[in-house]
Structure formats: C-alpha cells, structure tokens
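The values are calculated or read from the model by the stated rules, or taken from the named source; none is laboratory data. Note that this is a predicted model, so its numbers are computed, not measured. Heads up, the Cβs are rebuilt from the backbone with ideal geometry, glycines too, and the neighbour counts pull from every protein chain shown. Protein only, heavy atoms only, side chains kept; ligands, DNA and RNA dropped before computing areas. Shrake-Rupley method; radii C 1.70, N 1.55, O 1.52, S 1.80 Å.
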Amino acid sequence: MSKFFDSRYEEMEAYVPGEQPADRRYIKLNANETSMPPSPKVLEAVNSKEILGMGLYSDPYCTRLREAIAGVYGLEADQVFVGNGSDEVLSFCFLSFFGEASKICFPDITYYFYHTYSKTYGLDALEIPLKEDFTIDVKNYIETDRHVIIANPNAPTGYRLSRNELREIISAKKERLVIVDEAYVDYGNESCIELIKDYSNLIVIQTFSKSRNLAGLRLGFAAASKEIIEDMNKIKFTFNPYNLSALTIAAGTAAILDTGYYKECIEETIRIREETAENLRAKGFYVMKSHTNFLFVKHDKIHASEYYLRLKEEGILTRYFKSERIKDFLRITVGTKTEMAEVLRATEKIIAGC
Ligand code: PMP
C-alpha cells in the first residue's frame, strides 16, 4: 500500500475472481463462462468499418444498444442502462442509491461481490442466512425495511425464486429498493423485467457473460423506471461517460437481436447440465438442483477441496469456496459436451482411487 492510499479503503476487501492461469491450457469451468462462440451476427457486426471508425469516441448514450435491448424486452430505451459488465452496473446502482446511512440485505451465501460493494461503499449490510437446504426464506425479505439485493437464481447454489415470490418481496415495502440480479435467468427461469412496469422500486440486472457467450466483451444492463435510469446515467456521466467501447456497442446490439441463436445455445446447455447432473448422481454425488449454467456438487468419499485439486491435476479448473457453510461443495460450470465428458472421465478416475 502506498502512503497516498486513502484511509477510507483500508478495510476494503477486493473480490477474488476465478483463476485465469497462464501456466497451461485448462478446461475452464471455474467462472461460469461459456466455451460456445458468440452469434455469427456478432462477428459480422465487429467489422472493419466499426474498427476504422474508432478514431471517434463511442456513443456515450449507447442509443442503438439500449434500443435493441428495450425492443427485445418490450421496454422503452430510457428504461435501460448499460455498463461494462453487470459488475459495473451493480456498482453504479450502489453508487447511485446507497450511502453510508443506507441499510441493505442479501443472503449469507450469494454472489460475493454484494459483500465487497457493501464494504467499498461503507454500507450497513445484513447477511441473512439461507435456510438449511440453501433456499431463500422469502418471509425475511418481505418483513425487512432494508434495501434488498437478490441473485435469482442464486449463486453458487443454483436455486431460484419464482416471479411471484419476488413480486411479494418487491410489493411489500415500496420505499425500499429491490435489486434482482438475473445473471443466470436465461437457463430456464422467469425474468422479473416485466415487473418494472408495475414497481418503481425494482431494478433488474442482466449480463451478456453467460447465456450470450460474451464474458470477454464485458457487457451488462439494468432495467428499471425512467427515473432510476436517469439517476444512474447522472452518476455515469460524472464518472465515465464512454463506459462502453464502440465495439462493445456493435457486438452487444448484434447479440441481443439474434434471439434464435442464443435460444439454441441455452437449450444445449440445459441438456448438458441435466445429463451431467444425472451422471454425477450415478457416481454417488449429491448434486443440487440447478437452474443455471453450473452445478454445485459434493461427494461422501472425497472432500470438495481435494476433488478440486485432483480435477486441476487432470487439467480441469473448477471453483472451490472455503466459506464455512459451503466448504463441502464444488461448483462446476456446465461446459460443452466434450468438456463435460472430460469431467466425467476424470471424476471416474478420481473416485475409483478413493
Ligand atoms: N452477478 C452474478 C450472480 C454473477 O455470478 C456474476 C459473474 N459470475 C455477475 C453478476 C457479474 O457478471 P459480469 O460482470 O460478467 O456481467
């Protein structure tokens, strides 16, 4: 730490992303990315004309991208905010709406960044324990006066709430904000986006990193009332007006419009997920029901931390979390058919030696 580092940040805990090792080629199933290529329309859109035009700044309003997203979800463009990954969108939400006096809550087991943001922005954050079976107790979130942030489906557990359950939470107390992080919503779940028409205290966030095969592009968006989006834009324009590059805008616009292509990729991922879950269960694993592009698994014969290391030796990267309640589980991203066949082959070998 340099002597210039502001003391406000001394207690801050940086988020630790999944490993991105350069030492050898791994099958990368540790960050819920996809190995599927983006839509061919994305390749067409990121063409030499776009690249030759990069002597000029990108559109700070990201108009065509916001219009395209709005068109797909039946919204107006001014109900959509776009950012450099949904992490940035989440960060803009925290910056725009929560100050030191703000009280917020989220599950004790969820996307760790909520904890990180809360620390960064000095919030009063309450981590509400999930039930014993890792499901969310909706009652807790109906009763609290705190702002709420919920990943739906949740990560790394993979469980989901229905739109009606979320509606109950959102409508219970309209003076608090409810942020629903729908990073994994496309893998067979109900989105809450349509609820923004009825509830001005709701922000729904989605990403292009999962179902749209574009984690490296860095693109996410928020859908909310025009007033909320206006507030977020005000903060963005005081911080980084050109937060999306011209290439991101071009690629993202092409991606969101190619709904047919992504539907096929999602269906394929769900098929592979269910097949892999079944195969792992047949090998004695407890596999939690997943509504996402990852599986959360454990086995009586081998501890998750050991399984993680052994898979790594076999050239497969997964994600192990040390925290107390989930230390027996390993999170495995659902990759391609070939990648998952490799996971099953390696697992068979590992289990046979236990
Ligand atoms: N929310 C959840 C629940 C996530 O798991 C992730 C990333 N894995 C994100 C948000 C961030 O996604 P990105 O910044 O790539 O859009």
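Spin-label model, Glu67 to Lys327: label points 7 Å out along the Cα-to-beta-carbon direction sit 5.5 nm apart. Which residues in region 330-345 have a backbone N closer than 16 Å to a point placed 7 Å from the Cα of Glu264 along the Cα-to-Cβ line? Output list for this probe position: 337.
Spin-label model, Ser7 to Arg345: label points 7 Å out along the Cα-to-beta-carbon direction sit 5.8 nm apart.
Evaluating 6.51 cos²θ - 1.76 cosθ + 1.60 at θ = phi - 60° for every residue in region 93-107, the Karplus couplings come out as 5, 4, 4, 6, 10, 10, x, 4, 7, 6, 10, 9, 9, 7, x Hz, glycine and proline recorded as x. For a quick check, take a GNM of the chain with Cα springs below 10 Å and name the residue from Ser209, Ser91, Ser162 with the largest mean-square fluctuation. Result: Ser162 has the largest fluctuation of those listed. Lysines near Lys197 by alpha-carbon distance under 18 Å, same-chain residues fewer than 8 away left out - which ones? Output for Lys197: Lys173, Lys174, Lys226.
For region 294-338, trypsin sites (Lys or Arg not before Pro) are listed when DSSP marks them as loop and at most 16 other Cβ atoms sit within 10 Å of their Cβ; the list is Lys301, Lys322, Lys327.
First compute the accessible area of region 40-257 with a 1.4 Å probe, then give the percent of it belonging to carbon and sulfur atoms. Its accessible area is 51 percent carbon and sulfur atoms. Mind pulling the per residue volume of the convex hull built on the Cα atoms of region 40-257? Å³ is fine. Value for region 40-257: 114 Å³ per residue.
Using a cutoff of 8 angstrom between alpha carbon atoms and counting only pairs six or more residues apart, the relative contact order for region 40-257 works out to 30 percent. Spin-label pair Lys174-His115: with each label point 7 Å from Cα along the Cα-Cβ axis, the two points sit 3.5 nm from one another. For region 83-186, the set of trypsin sites (Lys or Arg not before Pro) satisfying both a DSSP loop assignment and a count of at most 12 other C-beta atoms within 10 Å is given as Lys131, Lys174. The GluC sites (Glu not before Pro) found in region 138-235 that occupy coil by DSSP, while having at most 13 further C-beta atoms within 10 Å, are Glu175. When all protein chains stay in place and ligands, DNA and RNA are ignored, the 1.4 Å accessible-area order of Phe237, Phe4, Phe329, largest first, is Phe4, Phe237, Phe329.
Taking 0.36 nm per residue of separation and subtracting the Cα-Cα distance, full extension of the segment from Asp59 to Phe237 would add 62.9 nm.
Per-residue ellipticity at 222 nm computed for the chain from its helices equals -11500 deg cm²/dmol, with DSSP H segments shorter than 4 residues left out and the rest contributing -39,500 (n - 2.57). Note on His303: accessible area approximately 80 square angstrom, rounded to 10, probe 1.4 Å, nucleic acids and ligands left out.
Legend: residue pairs Lys131/Lys289; Lys210/Lys337; Lys49/Lys210; Lys103/Lys234, Cα-Cα distance threshold 19 Å; pairs beyond threshold, Lys49/Lys210; Lys103/Lys234. Remark: the chain carries 47 Å² of accessible area per residue (probe radius 1.4 Å; ligands, DNA and RNA excluded).
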